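Inspection log for the structure reproduced underneath, given as C-alpha cells.
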Amino acid sequence: MRWSSHFKVFEQYQKARAQFVQTIAELATRPQNIETLQNAGVMSLLRPLLLDVVPNIQQTAALALGRLANYNDDLAEAVVKGDILPQLVYSLAEQNRFYKKAAAFVLRAVAKHSPQLAQAVVDCGALDALVICLEEFDPGVKEAAAWALGYVARHNAELSQAVVDAGAVPLLVLCIQEPEVPLKRIAASALSDIAKQSPELAQTVVDAGSIAHLAQMILNPDAKLKRQVFSALGQIAKHSVDLAEMVVEAEIFPAVLTCLKDSDEFVKKNVATLIREIAKHTPELSQLIVNTGGVAAVIDYIGDSKSNVRLPGIMMLGYVAAHSENLAMAVIVSKAKKALKNILQKCTYLPALDPLLHDAPPNVLKHVVGQYSKVLPHDAKARRLFVTSGGLKKIQEIKAEPGSVMQEYINGINNCYPEEIVRYYSPGYSDALLERVENYQPAL
C-alpha cells in the first residue's frame with residue numbers, strides 16, 4: 001500500500017471531524033434541534049474535539065458547546081458534568097485569539113443560568129484566566145472575557161466579590177476607555193453587574209476611577225452603550241448618599257436630562273432610574289435635581305412614555321415630593337399640576353404611588369386616592385399590599401368633606417374590604433377597643 005493512500009485516510013478523517021463540528025455548530029443555532037442533539041450524546045462527542053490538533057476544529061467545537069450551553073441550564077449542567085470547563089480554562093491561557101473567544105463564550109453560556117453554574121465556572125479557576133484575557137491586545141478577546149466575568153458577577157454579592165478579587169475591576173475600567181464601542185458596552189455592563197450587588201462592591205468600582213469615564217460617555221451617539229452607562233451610574237448611586245453624591249459630582253446634570261428625550265426606550269428608562277436613585281437619598285440631592293430643571297424634564301418624559309417605562313419617573317417625583325413641602329410644591333409648580341394629574345390617572349402600578357399617598361399636598365392627594373379607588377377593586381394582590389404597606393390606615397386618616405369627590409374615592413376604596421378591617425384601621429378604634437376591655441364584665 002502506497003504512502004499517499006495512507007495519508008488520504010488521515011485527510012479524510014480530518015475533513016470528517018471538521019464537517020461534523022461545523023454541522024453541529026450550525027444545528028445548535030436552532031432551538032428545535034437541541035433536544036435531538038442532546039439525546040444523541042453530543043456533549044461527549046464534542047469534548048475530545050476541544051483537544052483536536054487542528055485549531056479550526058477546536059474553535060468550532062467550543063462554539064458548538066457554547067451554543068448548546070447557552071440554550072438551557074440542563075445543557076450547561078452537562079458541560080460542567082462532562083468535565084469540560086478545566087479544558088477550556090487551560091485553553092484560555094494557551095491558544096490563539098479565535099479559540100480564546102470561543103472558550104470565553106462557553107464559560108459565559110454556562111455562568112448565565114444560575115448562581116450554582118456560575119460557581120462551577122469560578123471553581124474551575126476560570127476567573128484568573130479571564131482576567132488575563134482582559135489584557136490581551138485583541139478587542140474581541142477582551143470583550144468575550146468581560147462578558148463572561150459580568151455574567152458571573154450578576155448573580156449575587158459573593159460571586160461579584162470573586163470577580164473583584166481576581167482583579168477584574170481596574171481592567172474593566174481600562175476597557176471602557178478603549179475605542180471599540182462593543183467592548184465599551186460589555187465592560188460598562190460588567191461594572192454595572194458588580195456595582196449593583198452591595199455598597200462595598202459599588203465602592204470598589206468607584207475607587208477604580210469608573211465614574212469619570214462613565215460620565216464622559218453619557219452623550220455618546222450609541223444607544224446600547226448609553227443604556228449600560230446609565231445602568232452602571234444608577235447601580236452605583238442607589239446604595240448610599242456618599243455614592244450618589246460622587247455620581248452627581250461628575251457633573252452629569254443637566255446633560256443627562258437631554259437623554260430623557262432619547263429615541264431609545266431603555267436609555268430613557270435607565271436615565272429616569274438613575275435620577276430616581278439620586279433623588280431618593282436626601283432633600284439636598286432632590287433640590288439639586290429640581291434646580292437643574294429635572295422635575296420638568298421628568299414630567300415631560302412621563303407624558304411622552306408608555307406603560308412601565310414611566311414607573312421610575314413617577315417614583316422619582318414621589319421621592320422628591322416626599323422629602324419636604326417645598327419640594328412637593330416644586331413638583332406641582334413645575335407646570336406639574338395638570339401634567340401630574342394626567343400622569344397619576346394613567347398609573348396602575350400602585351407601589352409607585354405609595355410615597356405620594358403619605359406626603360403629597362391635598363390637591364395632589366385627591367388624584368392619588370382616585371387612582372387607588374380605580375385599581376383596587378380589580379386587583380386582589382394590590383388590595384393585600386395596600387393593607388400591609390399602611391395605605392388603608394392612611395386613607396382612614398384623611399379628613400374629607402362629606403359628599404366631596406375625595407369622600408367618594410375613600411368610600412370606593414373602603415368598599416373593597418370587609419367592614420371590620422376598615423373599622424380596625426380607623427382612627428380611635430384601638431382606644432374604643434381598650435375601653436371595651438376595661439368595661440367588660442366577665443361572667444363569673
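Could you say whether any residue in the stretch 169-191 is more than 23 Å from Cys259 (Cβ to Cβ) and not in a helix (DSSP H, G or I)?
Narrowing the stretch 169-191 to residues more than 23 Å from Cys259 (Cβ to Cβ): 169-171, 174.
Filter again for not in a helix (DSSP H, G or I), leaving none.
The answer is no, given that none of the residues of the stretch 169-191 is more than 23 Å from Cys259 (Cβ to Cβ) and not in a helix (DSSP H, G or I).
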**OP:** Go through (1) surrounded by 18 or more Cβ atoms within 10 Å (Cβ to Cβ); (2) of a type outside the set (Lys, Arg); (3) without any contact (Cβ under 8 Å) to a residue 24 or more places away in the chain and name the single condition Asn291 misses.
**Re:** (1)
**OP:** Collect the residues in the stretch 392-439 that are within 18 Å of Tyr372 (Cα to Cα) and aromatic (Phe, Trp, Tyr), keeping them in residue-number order.
**Re:** Tyr409, Tyr417, Tyr425
Original post:
Of everything in the stretch 403-444 that's among the acidic types (Asp, Glu) and under 47 Å from the mean Cα position of the chain (by Cα), which residue is surrounded by the most Cβ atoms within 10 Å (Cβ to Cβ)?
Top reply: Glu408
**OP:** Could you figure out which of (1) surrounded by fewer than 23 Cβ atoms within 10 Å (Cβ to Cβ); (2) modelled with pLDDT of 95 or more isn't true of Val163?
**Re:** (1)
Subject >> helices (runs of 4 or more DSSP H) fully within the stretch 254-318 counting 3 or more residues that are over 22 Å from the mean Cα position of the chain (by Cα) and small (Gly, Ala, Ser) >> reply: 294-304
Original post:
Regarding Pro55, is this residue touching a Gly at 6+ places or on another chain (Cβ under 9 Å), surrounded by fewer than 20 Cβ atoms within 10 Å (Cβ to Cβ), closer than 22 Å to Ala126 by Cβ and not aromatic (Phe, Trp, Tyr)?
Top reply: no
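Restricting to the stretch 198-216, name every residue that is assigned to a helix (DSSP H, G or I) and aliphatic (A, V, I, L, M). Explain how you work it out, then say what you get.
First, pick out the residues of the stretch 198-216 that are assigned to a helix (DSSP H, G or I): 199-207, 210-215.
Within the stretch 198-216, Leu201, Ala202, Val205, Val206, Ile211, Ala212, Leu214, Ala215 qualify.
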**OP:** Scan the stretch 233-271 residue by residue and report those that are surrounded by 22 or more Cβ atoms within 10 Å (Cβ to Cβ) and without any contact (Cβ under 8 Å) to a residue 40 or more places away in the chain.
**Re:** Val247, Ile252, Val256
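The values are calculated or read from the model by the stated rules, or taken from the named source; none is laboratory data. Computed from a prediction, not measured in an experiment: that's the story for all the values here. As a convention, Cβ positions derive from the backbone with ideal geometry for all residues, glycine included, and neighbour counts pool all protein chains shown.
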